[in-house]
Amino acid sequence: AFLDLAKEAANGVIYPTHFSPATSSNLPAAQAFIALMRKTYNKPPDYVHAQAFDAINIAIAAIERTNSGDRAAVRNAMRQTDYQSVRGPFKFDQKGDPTLVTHMVRIVDIKETDARS
C-alpha cells in the first residue's frame, strides 16, 4: 500500500525488508518461489509469504531428517539447518537466531529496486 499511497513521493526511499522480489534475482530458490506465487495467485510474494514458505520447508526438512515426531529431536534437527531459502542462505546461530542477510530496497520510479546493486 505504501507505493500506491505515496506514489512519486516514495522515490528515493530506502528500507530494509525480509524479502522482496526486487532484491532476489541472485537467489535461485527465490526465483522459483516468485514464479510459483505468480502462477498460483497471480501476484508477487511479499515478505510474509517468504517467511511462511521458508518456515514450513525448514520444519518439514527437520522432521524428515529425524524421521520422527519427537519434539526434542525435531528441535535439535532444526538447529542443524543449512538451507538455501527464498531469502538467502539460512542457518541458526548458537543462540537459535537466524543468520539471514537483510534485503535492502530503494524506490526508483515508484518501483522496488535492489538498493545494494
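The values are calculated or read from the model by the stated rules, or taken from the named source; none is laboratory data. Owing to the predicted nature of the structure, the values given are computational and were not obtained by experimental measurement. Cβ: placed from backbone, ideal geometry, glycine included. Neighbour counts: every protein chain shown. Heavy atoms of the whole protein, side chains included, go into the accessibility calculation; ligands, DNA and RNA do not. Shrake-Rupley method; radii C 1.70, N 1.55, O 1.52, S 1.80 Å.
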Apart from one, (1) touching a residue at least 12 places away in the same chain (Cβ under 8 Å); (2) open to solvent by less than 50 Å² (accessible area, probe 1.4 Å); (3) small (Gly, Ala, Ser); (4) not in a helix (DSSP H, G or I) all hold for Ala61; the odd one out is (4)
Single residue of Lys39, Lys43 found to be part of a helix (DSSP H, G or I) and basic (Lys, Arg): Lys39
Of the conditions (1) more than 20 Å from Met37 (Cβ to Cβ); (2) part of a helix (DSSP H, G or I), Ile56 clears all except one; give me its number. (1)
If Ile56 meets every condition in (1) surrounded by fewer than 12 Cβ atoms within 10 Å (Cβ to Cβ); (2) more than 18 Å from the chain's Cα centre (by Cα) apart from one, which number is that one? (2)
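If I ask for residues that are open to solvent by 90 Å² or more (accessible area, probe 1.4 Å) and not in a loop (DSSP other than H, G, I, E, B), which ones from the stretch 24-36 would you list?
Keep residues of the stretch 24-36 that are open to solvent by 90 Å² or more (accessible area, probe 1.4 Å), which gives 25-26, 28.
Within the stretch 24-36, Pro28 is the sole residue that qualifies.
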Which of the residues spanning the stretch 64-75 are open to solvent by 70 Å² or more (accessible area, probe 1.4 Å) and in a helix (DSSP H, G or I)? Glu64, Arg65, Arg71, Arg75
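From Gln51, Gln94, grab the single residue that is out of contact with any Asp or Glu (no Cβ under 6 Å at 6 or more places or on another chain), of a type in the set (S, T, N, Q) and not in a helix (DSSP H, G or I).
Numbers: Gln51 fails: not in a helix (DSSP H, G or I).
Testing whether each residue is out of contact with any Asp or Glu (no Cβ under 6 Å at 6 or more places or on another chain), of a type in the set (S, T, N, Q) and not in a helix (DSSP H, G or I) leaves just Gln94.
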Considering only the stretch 1-19, state which residues are outside any helix (DSSP H, G or I) and either under 14 Å from His103 (Cβ atoms) or among the aromatic types (Phe, Trp, Tyr) (or both). Ile14, Tyr15, Pro16, Thr17, His18, Phe19
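Hey, can you tell me all the residues within the stretch 97-117 that are polar (S, T, N, Q) and either in a helix (DSSP H, G or I) or at pLDDT 95 or above (or both)?
Across the stretch 97-117, the qualifying residue is only Thr113.
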Within the stretch 77-87, residues being open to solvent by less than 100 Å² (accessible area, probe 1.4 Å), closer than 18 Å to Pro21 by Cβ and outside any loop (DSSP other than H, G, I, E, B) number 1
Taking the stretch 88-113 only, how many residues are surrounded by 13 or more Cβ atoms within 10 Å (Cβ to Cβ) and out of contact with any strand residue (DSSP E or B) (no Cβ under 7 Å at 6 or more places or on another chain)? 5
